[in-house]
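The values are calculated or read from the model by the stated rules, or taken from the named source; none is laboratory data. Bear in mind that the values here come from a model prediction, so they are computed numbers and not experimental data. Here Cβ is always computed from backbone atoms with ideal geometry, including for glycine, and neighbour counts include all displayed protein chains.
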Amino acid sequence: KGGLVKKAEVHQMVIERVGDKAQKIGFGVQGLTFSPLKKASGNIEYLIYLVKNSGKDKIDNFPQIVEEVVKKAHQELSPKK
């Protein structure tokens, strides 16, 4: 449906895949956050900090960090009920 993803589980899966792919092509994951600005469509944007040939495969406990960042993004940016 228009490419808009709203489920936290899907966000988490996609971000983890991006981190894994980045590692495989020679980048190290150095950080992850989300944009505090939500698009009019309701889309949440995530920002991943990558460094070429950093010597680090990825930040420690990457899946847990992804889970925490996605959870916080949804708590702060999802419409209040």
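Collect the residues in region 4-62 that are part of a loop (DSSP other than H, G, I, E, B), of a type in the set (Gly, Ala, Ser) and modelled with pLDDT of 90 or more, keeping them in residue-number order.
Quick first cut of region 4-62, residues part of a loop (DSSP other than H, G, I, E, B) only: 4-7, 25-26, 35-45, 53-61.
Within this subset, residues satisfying the condition of being of a type in the set (Gly, Ala, Ser) are 26, 35, 40-42, 54-55.
Correct list: 35 only.
From the set of residues in region 21-44 that are without any contact (Cβ under 8 Å) to a residue 24 or more places away in the chain and of a type outside the set (Lys, Arg), which is nearest to residue 64 (Cα to Cα)?
Step one: of region 21-44, the residues without any contact (Cβ under 8 Å) to a residue 24 or more places away in the chain are 21, 24-25, 35, 37, 39-40.
Going one step further and asking which of them are of a type outside the set (Lys, Arg), we end up with 25, 35, 37, 40.
Details: 25: 22, 35: 19, 37: 23, 40: 29 Å.
Among them, the one singled out is 35.
I need the full set of residues from region 19-36 which are within 21 Å of residue 77 (Cβ to Cβ) and surrounded by fewer than 17 Cβ atoms within 10 Å (Cβ to Cβ), in order please.
31, 33, 35, 36, listed by residue number.
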